[in-house]
1. Quick one: which of A:Lys315, A:Lys402 is more than 24 Å from A:Ile47 (Cβ to Cβ), at pLDDT below 95, of a type in the set (Lys, Arg) and not assigned by TED's automatic domain parsing to the domain that holds A:Ser139?
2. Filter region A:267-282 for residues that are part of a loop (DSSP other than H, G, I, E, B) and charged (D, E, K, R); which is surrounded by the most Cβ atoms within 10 Å (Cβ to Cβ)?
3. Hey, could you check region A:320-348 for residues that are assigned to a loop (DSSP other than H, G, I, E, B), of a type in the set (S, T, N, Q) and free of Cβ contacts under 8 Å to residues at least 24 places away in the same chain and say which is surrounded by the most Cβ atoms within 10 Å (Cβ to Cβ)?
4. Which is without any contact (Cβ under 8 Å) to a residue 60 or more places away in the chain, farther than 30 Å from A:Ala116 by Cα and touching a Ser or Thr at 6+ places or on another chain (Cβ under 7 Å), of A:Gln295, A:Gln351?
5. Considering region B:227-271 alone, what residues qualify as being away from every other protein chain (no Cβ under 14 Å), closer than 25 Å to B:Met40 by Cβ and polar (S, T, N, Q)?
6. I need the full set of residues from region A:160-182 which are of a type outside the set (A, V, I, L, M, F, W, C) and surrounded by 18 or more Cβ atoms within 10 Å (Cβ to Cβ), in order please.
7. Of all residues in region A:352-371, which are more than 14 Å from chain B (Cβ to nearest Cβ) and surrounded by 19 or more Cβ atoms within 10 Å (Cβ to Cβ)?
8. Considering B:Pro163, B:Pro118, B:Pro122, which residue is crowded, with 24+ Cβ neighbours inside 10 Å and within 14 Å of chain A (Cβ to nearest Cβ)?
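The values are calculated or read from the model by the stated rules, or taken from the named source; none is laboratory data. This structure is a prediction, so every number in the text was calculated from the model and none was measured. When we count neighbours, we look across all protein chains shown, and the Cβ atoms used for this are built from the backbone with ideal geometry, even at glycine.
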Amino acid sequence: MSLDRRHFLSSTAAASTLLAAPAIHAASKTKQYRTALIGTGWWGMNILREALAAGQTKVVALCDVDSDRLEIAAEEVQDICGDQPRTYGDFRELFEKESVEIAIIATPDHWHALNALAAIEAGAHLFIEKPTGHTIGESQAILRASRDAGRTVQVGLHRRLGPHHVSGMKFLKEGHAGDIGRVQMYVHSRGGKEEPTKNSPPPENLNWEMYCGPAPLRPFNRRIHPGGFRHYLDFANGTLGDWGVHWLDQMLWWSGQQSPRSVYSTGGRYVQGEPVLNATEQTSDAPDCQIATYQFESFDAVWEHRKFGGAGPEKSSVGCYFYGSKGTFHMGWRDGWTFYPDDSNQSVVHQDSQLQEPDGHNLKLLWADFLQAIESGKRPAADIEIGHQATTLSLLGMLSLKLGRSVEWDASRERIIDDDEANALLVRDYRAPWIYPKISS
Amino acid sequence: MNVSNDYRCLPVLVFLLGAINLPLMAEDWNRWRGPNGTGMSNETQWTSHWAEAGPPIAWTAEVGIGFSSCVIQGNQMLTIGHANQTDTVVCLDVKDGHSIWKFDYPAPLDDRDFEGGPTSTPTIDDGSVYVLSRVGELYRLDLASGALQWKTPVAEDAQVRLPGWGCSAAPLIAGDRVVLNLGESGVVVDKQDGTLIWKSNDKESGYATPVLIHGPDQTTAVFASSRAYIGVDFDSGKQLWRERWLTSFGCNAADPIVHDGKMFLSSGYNRGAALFEFVDGQPKEVWKNKEMQNQLHSSMLYDGHLYGIDGNMEYEPRLRCMDWSTGNVIWSIDDLHPGGLAMAGGRLLVLTDTGELVIAPATPQGFKELTRGRVLEGKCWTSPVLSGGRVYCRSVAGQVACIDLRQ
């Protein structure tokens with residue numbers, strides 16, 4: 001994340017006291033969940049650190065296709081808590097050999113479904129990163145399988161519990177911004193043309209074949225791993241499939257989980273240039289700018305991202321505007337939320353964010369909520385259905401972009417109306433021997 | 001003790017003390033980590049005090065985005081910056097900051113997870129300037145005019161891949177050779193024309209600048225690879241030893257510190273530090289801990305103590321003093337927010353990550369600020385440099401401030 005993390009550090013000391021996890025039922029405090037992490041990169045380890053900090057985690061296994069990462073992660077786990085997790089390069093072997101009660105899934109998107117389904121089959125509860133699928137069908141499969149198996153699934157939408165998000169939603173739902181007719185979600189950054197980078201043989205510590213897994217096997221490139229997969233559509237869905245899921249979820253939360261009737265997206269790589277992929281070199285291929293318009297019953301929601309131009313005259317480069325009959329409400333990230341009344345005689349209302357730094361998240365709250373949900377059997381704050389809906393909207397945007405036309409969405413059937421070509425894009429071909437998940441009905 | 005006996009030794013003592021305390025004027029800082037490769041200047045004739053109004057900023061200049069540090073020879077100061085798909089080597093006059101020459105070469109900003117721009121520091125040697133771009137091209141320029149003498153796509157010539165964030169090591173000149181941290185354990189070219197002398201395996205390098213260990217029979221070059229620090233025979237490039245050293249992003253960026261038959265290594269990302277003793281030419285661990293994690297900046301060894309930045313730069317790093325022989329932390333300053341660190345004449349110069357310059361004696365007794373003042377705005381992650389009593393500080397956005405601390 002290249003957005004300025006440092007800027008808001010001064011507020012973290014105060015925030016940390018407010019973020020103390022809610023007390024979990026005293027009797028169950030001793031319960032230690034046998035936990036496995038699949039995908040031991042930057043974000044996966046952020047989640048695992050929070051899990052360990054909550055005090056009810058015994059790390060039994062780690063899995064990654066990068067053996068260096070795996071070794072480093074295992075060493076850190078031992079440094080933190082003394083657990084000596086067993087390490088695996090293949091999640092199937094992990095679930096075969098280990099008894100796992102909680103699986104954390106933080107692999108690139110194209111692996112989420114197969115990892116999640118294997119974990120559910122092994123009887124584990126899931127903490128899974130968003131998006132919940134690389135295609136809509138994968139996300140549906142996780143939703144159905146977890147419901148059938150009665151497993152708790154928390155999706156990594158920590159903004160569902162972030163204190164300023166909670167108070168901002170209350171403000172909106174109490175009507176202080178009036179009737180909302182339009183929601184604008186956005187992330188903007190700076191950048192220019194992307195020159196191709198030379199391919200190279202994968203590093204000896206990386207099982208590249210397994211990294212690609214169900215996705216096409218493309219030449220290895222240092223831009224992809226570590227940390228670059230989001231910009232490659234074989235493995236992820238660009239900015240809309242990343243940031244977009246968070247902000248779409250904020251919009252859905254405010255709307256009471258409504259569904260759009262139609263989705264239309266445009267975009268491209270107008271500044272970064274046409275994607276390159278050949279035997280010697282490649283670029284990323286995710287759009288450098290995109291607009292996706294979601295038409296709901298009583299409002300429009302518009303996603304927009306740009307990887308060039310910067311924030312411009314805007315105060316913030318990321319967030320969500322709710323335009324209402326009483327003014328404009330901005331739900332931000334580190335900048336908290338701000339309401340600008342349309343009557344200039346009224347004063348601006350603002351609330352600061354309360355985040356865990358340096359990465360600006362609220363994973364501590366999300367993990368505590370996850371444990372409570374497992375113990376109570378109630379749905380967690382960012383339940384799989386919530387994650388699935390936000391993921392679906394982001395993927396419908398990508399689908400419309402690929403088709404170059406709008407799609408009509410039948411939310412009850414989760415199908416695109418009268419459009420076989422579009423419905424074909426709800427799933428993808430998997431590379432053998434991997435088999436696309438069956439959606440139980 | 002008998003005074004009359006001591007009397008005879010006095011002239012010798014006076015001579016020795018004089019030699020040690022001889023004030024050092026204007027020492028050129030011709031390369032990354034200075035002429036001795038220690039990161040420390042010997043200059044003592046500069047002041048740590050300034051008026052209430054703030055540090056005496058002689059001039060400022062815009063050099064473009066980047067992390068390249070400054071090098072100084074005579075009246076010339078050089079660094080590299082980026083704008084509009086172009087890296088520019090700038091040569092400024094140390095007196096007033098006016099531009100003496102500029103040299104442009106095409107380069108992507110390459111702002112992967114950071115602001116991008118050049119990350120290596122130029123090297124001045126024998127009237128020439130050597131510049132290694134992030135995409136692994138080596139340029140030699142005429143120091144006086146900035147004219148291109150030759151360039152070579154050295155990574156391509158050597159058929160070695162680039163590390164994830166591109167080349168960031170400074171070129172090291174040794175005799176008639178240019179030593180580069182490229183490939184698994186280095187690439188060496190002829191400094192006259194850039195022709196390849198030897199190369200290493202096609203594996204990722206790390207980001208630290210090579211260091212030479214001169215032995216009685218053999219010179220060893222130490223390279224930070226993405227997964228290890230590797231010692232090679234400087235003549236042939238043959239690997240002599242390897243110390244496995246993993247970090248999350250293959251980010252071995254701190255230069256090894258070699259002293260008294262021992263070697264100190266340190267990296268961030270929960271790797272930590274270790275001291276090794278060379279036994280029969282192989283490094284043998286003396287101590288190892290996680291108390292000094294140099295993510296980007298190399299520590300400095302002064303008077304038996306290491307001074308360095310511990311922790312990942314985005315996670316509130318600490319300034320620390322550590323005992324060289326034991327690895328024990330002597331002191332740790334948690335709220336300084338260091339962005340870069342230098343030392344001159346036994347005093348530490350800390351550039352905070354928001355652009356304040358802080359000066360304090362380098363002593364295990366503690367970190368006692370002599371003075372502090374704002375010299376730059378915005379994020380600063382480049383080590384300041386002191387040469388000729390002037391301190392050169394640089395922000396990521398590309399402002400260079402020259403603070404005149406001459407006495």
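1. Selected residue: A:Lys315, the only one of A:Lys315, A:Lys402 that is more than 24 Å from A:Ile47 (Cβ to Cβ), at pLDDT below 95, of a type in the set (Lys, Arg) and not assigned by TED's automatic domain parsing to the domain that holds A:Ser139.
2. Looking at the filtered set, the residue picked out is A:Arg269.
3. A:Gln346
4. A:Gln295
5. If the condition is that a residue be away from every other protein chain (no Cβ under 14 Å), closer than 25 Å to B:Met40 by Cβ and polar (S, T, N, Q), then B:Ser266 is the only one that fits.
6. Selection gives A:Arg160, A:Gly162, A:Pro163, A:His164, A:His165, A:Gly168.
7. A:Ser353, A:Gln354, A:Asn362, A:Leu363, A:Lys364, A:Leu365, A:Leu366, A:Trp367, A:Ala368, A:Asp369, A:Phe370, A:Leu371, listed by residue number.
8. From the options B:Pro163, B:Pro118, B:Pro122, the qualifying one is B:Pro163.
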